[in-house]
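Encoded as structure tokens, the structure appears first; notes follow it.
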Amino acid sequence: MTYRYFTMGGDVVKRVARLRAPADFGLAIQQARLARGLSQVELAQEIDSTQSTISAIESGQTTILVRRLLELASVTGIEFSATWEDDVDAPRD
């Protein structure tokens, strides 16, 4: 996964990652979650899921749909990227 960092002013940093492999999606989710100061449990509650599901996504264990999306993107020339802001004042785990 390729990262780029942009300063948005104040204490906010915008991060952009190019997603090329199934594990990249999970890593981007993890980094965005941490940037917001959320635990896996808190994120799971936000999407009505379980902590174990979030863990599986972040660790790249749940990739079947992501693999299909990447195959489709490859054939159609689409590139996926993730963008999130990192609030340096957010609490950390």
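The values are calculated or read from the model by the stated rules, or taken from the named source; none is laboratory data. In this text the structure is predicted, and so the values were computed from the model without any measurement. Backbone-built Cβ (ideal geometry, glycine too); neighbour counts: all protein chains shown. Side chains included, ligands, DNA and RNA excluded: accessible areas come from the protein's heavy atoms. Shrake-Rupley method; radii C 1.70, N 1.55, O 1.52, S 1.80 Å.
Here are the numbers:
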| item | result |
| --- | --- |
| Failed item in (1) at pLDDT below 80; (2) in contact with a helix residue (DSSP H, G or I) (Cβ under 8 Å, 6 or more places away or on another chain); (3) not polar (S, T, N, Q), with residue 89 passing the rest | (2) |
| Of residues in region 68-84 being at pLDDT below 80 and touching a helix residue (DSSP H, G or I) at 6+ places or on another chain (Cβ under 9 Å), the one nearest to residue 33 (Cα to Cα) | 84 |
| Cβ pairs under 9 Å, 6+ apart, first in region 52-63 and over 9 Å from residue 40 (Cβ atoms) and in contact (Cβ under 8 Å) with a residue 24 or more places away in the chain, second open to solvent by 70 Å² or more (accessible area, probe 1.4 Å) and assigned to a helix (DSSP H, G or I) | 57/29 |
| Where a residue in region 29-41 is under 14 Å from residue 14 (Cα atoms) and its partner, wherever it lies, is assigned to a helix (DSSP H, G or I) and not aromatic (Phe, Trp, Tyr), with Cβ under 7 Å and at least six apart | 33/43 |
